Amino acid sequence: MDAKDQPQAKVTRSIVFVTGEAAPYAKSGGLGDVCGSLPIALAARGHRVMVVMPRYLNGSSDKNYAKALYTAKHIKIPCFGGSHEVTFFHEYRDNVDWVFVDHPSYHRPGSLYGDNFGAFGDNQFRYTLLCYAACEAPLILELGGYIYGQNCMFVVNDWHASLVPVLLAAKYRPYGVYRDSRSTLVIHNLAHQGVEPASTYPDLGLPPEWYGALEWVFPEWARRHALDKGEAVNFLKGAVVTADRIVTVSQGYSWEVTTAEGGQGLNELLSSRKSVLNGIVNGIDINDWNPTTDKCLPHHYSVDDLSGKAKCKAELQKELGLPVREDVPLIGFIGRLDYQKGIDLIKMAIPELMREDVQFVMLGSGDPIFEGWMRSTESSYKDKFRGWVGFSVPVSHRITAGCDILLMPSRFEPCGLNQLYAMQYGTVPVVHGTGGLRDTVETFNPFGAKGEEGTGWAFSPLTVDKMLWALRTAMSTFREHKPSWEGLMKRGMTKDHTWDHAAEQYEQIFEWAFVDQPYVM
């Protein structure tokens, strides 16, 4: 879309994203995708947007920060028994100020949050520094010639940034700073909350009377021994208590986090804040995920001309060494090989599914047991099954385009992006009806009020039988009802999955946040 055609916001704001990761600089999952795309979409609508994240240097991704320039600004942060100096680097790209907080704790081999031995033991320290630095950045960094100032909307993402709303309420507003600012907590995955022993609270540099905002007590069954009181501090809880608005990455997930099954211990607290809790489905970057321009595909296609998709399927079958057959349904799975993604159900279903005239390809890595199972299954069903252990972005694009069906039997899925990619590419999703999957995949109905409706199949409950029923229904529709199948493909491809649609909804959340008074104790 040309800049002149881009819809503009009614009210423009200064928005500060705080995150542990953002693509393309550092990414471990969906959080990185969101924080790499949503700020750009908001900036395109006229907002002034800054993203604050760590400057990770691990030897392999250092080149990602090559265009970020040293700002000559540095601050000292009083926490963890000392005064710790951090500096700032800056890159202006796609109308967004990308600000990188630099400190030696971000310079180490491994991934963003840990290495082969597990999570880094000082993650609480590393992200405490990030939160303090993010609160100072709008006040001291002259980006484009002037500072962002105090009238900001802080968008804090997951536990890594969750100390920001607490700091605003405890250390800034009592002294007249940031009284006109607001904060929005975005929960991407409630399973990670930043929980550490209660004895670490004094290290955070917060006033003693604010301990209750972060206080967390584990139930008796979760304690290690009889003398363990279960006392801890919980970063994410602090943000749930003090943020002005709370957003989850799908409408379904905004309900699930208020239930005992999906609330991960925070369900009662989140239920008490239902009046400020909303869900907004993530968008996708159509510059990267577009079948008409995708550089990873051997052939391009569109909703008006689907012939290229059949060619992509044939090329994928050749690449995988499977029989090249247009009439056989090709099912794909892309994702981590772990319990959350329902790999155990796929494992149980494969012997029965392989009795059908079908082809199945899996791409992913994770649990070594599942990796070994994929390799052995490939040798057992040489003409029907392929297991690609590892991950490759070009291969994921080719599988998304070449498959007829994408399977996602996740136990829980806050939003999910692969089903959105699949629909964009005319691949029909079969998903477990949970979280964002239930929100985005409409089950096929051949007898809808306006004719055929739906974009795929969402099955529930999560059982092998239900999953096989959905897959068999999809496969029979593919074989026996070609016009209906084409309708499924086209309805998915014409859905609005862009970030601009999500950005408009975020603007509404920001408007509501500024109507109310900010959080004060």
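Evaluate the stretch 381-392: report whether one residue or more is of a type in the set (Asp, Glu) and either modelled with pLDDT of 95 or more or farther than 21 Å from GLN317 by Cβ (or both). Checked the stretch 381-392: no residue is of a type in the set (Asp, Glu) and either modelled with pLDDT of 95 or more or farther than 21 Å from GLN317 by Cβ (or both). Considering only the stretch 205-213, I want to know if a residue exists there that is touching a helix residue (DSSP H, G or I) at 6+ places or on another chain (Cβ under 8 Å), aromatic (Phe, Trp, Tyr) and either over 22 Å from TYR519 (Cβ atoms) or in contact (Cβ under 8 Å) with a residue 40 or more places away in the chain (or both). Yes, the stretch 205-213 contains a residue that is touching a helix residue (DSSP H, G or I) at 6+ places or on another chain (Cβ under 8 Å), aromatic (Phe, Trp, Tyr) and either over 22 Å from TYR519 (Cβ atoms) or in contact (Cβ under 8 Å) with a residue 40 or more places away in the chain (or both). On the given criteria, is LEU270 assigned by the TED database to the domain that holds ASP33, under 21 Å from the mean Cα position of the chain (by Cα) and open to solvent by less than 20 Å² (accessible area, probe 1.4 Å)? So LEU270 fails the test.
The C-beta contact set for the stretch 459-483 (first residue open to solvent by less than 40 Å² (accessible area, probe 1.4 Å), second residue not hydrophobic (A, V, I, L, M, F, W, C), distance under 6 angstrom, 6+ apart or interchain) comprises PHE459/LYS466; MET467/PRO409; MET475/PRO329; THR477/SER484; PHE478/PRO329; PHE478/ASP404.
Conditions (1) at negative phi; (2) among the charged types (D, E, K, R); (3) part of a helix (DSSP H, G or I); (4) touching a Lys or Arg at 6+ places or on another chain (Cβ under 6 Å), marked per residue:
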| site | (1), (2), (3), (4) |
| --- | --- |
| TYR92 | yes, no, no, no |
| VAL99 | yes, no, no, no |
| SER105 | yes, no, yes, yes |
| GLY110 | no, no, no, no |
| GLY121 | yes, no, no, no |
| THR128 | yes, no, yes, no |
| TYR132 | yes, no, yes, no |
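Kindly indicate whether any position in the stretch 136-145 is within 25 Å of the chain's Cα centre (by Cα), open to solvent by 10 Å² or more (accessible area, probe 1.4 Å) and either of a type in the set (Gly, Ala, Ser) or closer than 24 Å to ASP203 by Cα (or both). The answer is no, given that none of the residues of the stretch 136-145 is within 25 Å of the chain's Cα centre (by Cα), open to solvent by 10 Å² or more (accessible area, probe 1.4 Å) and either of a type in the set (Gly, Ala, Ser) or closer than 24 Å to ASP203 by Cα (or both). Restricting attention to the stretch 1-59, the residues that are among the aliphatic types (A, V, I, L, M), over 22 Å from the mean Cα position of the chain (by Cα) and closer than 30 Å to PRO104 by Cβ total 1. Is it fair to say LYS309 is among the charged types (D, E, K, R), in contact (Cβ under 8 Å) with a residue 40 or more places away in the chain, under 27 Å from THR128 (Cα atoms) and buried (at least 16 other Cβ atoms within 10 Å of the Cβ)? Taking the combined requirement at face value, the residue does not satisfy it.
Residues that are basic (Lys, Arg) and open to solvent by less than 30 Å² (accessible area, probe 1.4 Å) were ranked within the stretch 171-192; the one that is nearest to ALA213 (Cα to Cα) is ARG173.
Answer yes or no: is there a residue in the stretch 12-19 that is without any contact (Cβ under 8 Å) to a residue 60 or more places away in the chain, out of contact with any Ser or Thr (no Cβ under 8 Å at 6 or more places or on another chain), assigned to a loop (DSSP other than H, G, I, E, B) and exposed (fewer than 12 other Cβ atoms within 10 Å of the Cβ). No, that holds for no residue.
Could you list, in sequence order, all residues of the stretch 323-333 that are in contact (Cβ under 8 Å) with a residue 40 or more places away in the chain and open to solvent by 10 Å² or more (accessible area, probe 1.4 Å)? Quick ask: steps written out before the conclusion?
The initial filter retains those residues of the stretch 323-333 that are in contact (Cβ under 8 Å) with a residue 40 or more places away in the chain, namely 323, 327, 329-333.
Selection gives PRO323, ASP327.
Please find, within the stretch 358-401, the residue that is farthest from the chain's Cα centre (by Cα) out of those that are basic (Lys, Arg) and closer than 24 Å to LYS311 by Cα. Can you show your working first?
Step one: of the stretch 358-401, the residues basic (Lys, Arg) are 375, 382, 384, 386, 398.
Retained after the next criterion (residues that are closer than 24 Å to LYS311 by Cα): 382, 384, 386, 398.
Working: LYS382: 35, LYS384: 32, ARG386: 27, ARG398: 22 Å.
Checking each candidate, the answer is LYS382.
Somewhere in the stretch 350-367, is a residue in a helix (DSSP H, G or I) and either open to solvent by less than 30 Å² (accessible area, probe 1.4 Å) or under 22 Å from THR292 (Cβ atoms) (or both)? Checked the stretch 350-367: at least one residue is in a helix (DSSP H, G or I) and either open to solvent by less than 30 Å² (accessible area, probe 1.4 Å) or under 22 Å from THR292 (Cβ atoms) (or both).
Of all the criteria given as (1) over 16 Å from LEU190 (Cα atoms); (2) within 24 Å of the chain's Cα centre (by Cα), the one not satisfied by VAL303 is (2).
Just one residue in the set ASN64, ASN123 is within 21 Å of the chain's Cα centre (by Cα), closer than 30 Å to ASP367 by Cα and at pLDDT 95 or above; that residue is ASN123. Counting only residues that are open to solvent by 20 Å² or more (accessible area, probe 1.4 Å) and either outside the structural domain of ASN157 (by the TED database) or farther than 19 Å from PHE154 by Cα (or both), the stretch 234-253 holds 1 of them.
Based on what the data block shows, is LYS67 outside the structural domain of LEU417 (by the TED database), of a type in the set (D, E, K, R) and in a helix (DSSP H, G or I)? Write out each step before concluding.
On the way: outside the structural domain of LEU417 (by the TED database): yes; of a type in the set (D, E, K, R): yes; in a helix (DSSP H, G or I): no.
Spelling it out, it is not the case that LYS67 is outside the structural domain of LEU417 (by the TED database), of a type in the set (D, E, K, R) and in a helix (DSSP H, G or I).
Helices (runs of 4 or more DSSP H) fully within the stretch 164-258 that include at least 1 residues being touching a Leu at 6+ places or on another chain (Cβ under 7 Å) and on the phi < 0 side of the Ramachandran plot: 235-242, 251-256. Each residue in the stretch 281-295 was checked for being open to solvent by less than 40 Å² (accessible area, probe 1.4 Å) and farther than 22 Å from GLY436 by Cα, and 2 of them qualify.
The values are calculated or read from the model by the stated rules, or taken from the named source; none is laboratory data. What you see is a predicted model, and the numbers here were worked out from it, not measured in a lab. Cβ atoms come from the backbone with ideal geometry, glycine included; neighbour counts cover every protein chain shown. With ligands, DNA and RNA removed, areas are computed over all heavy atoms of the protein, side chains included. Shrake-Rupley method; radii C 1.70, N 1.55, O 1.52, S 1.80 Å.
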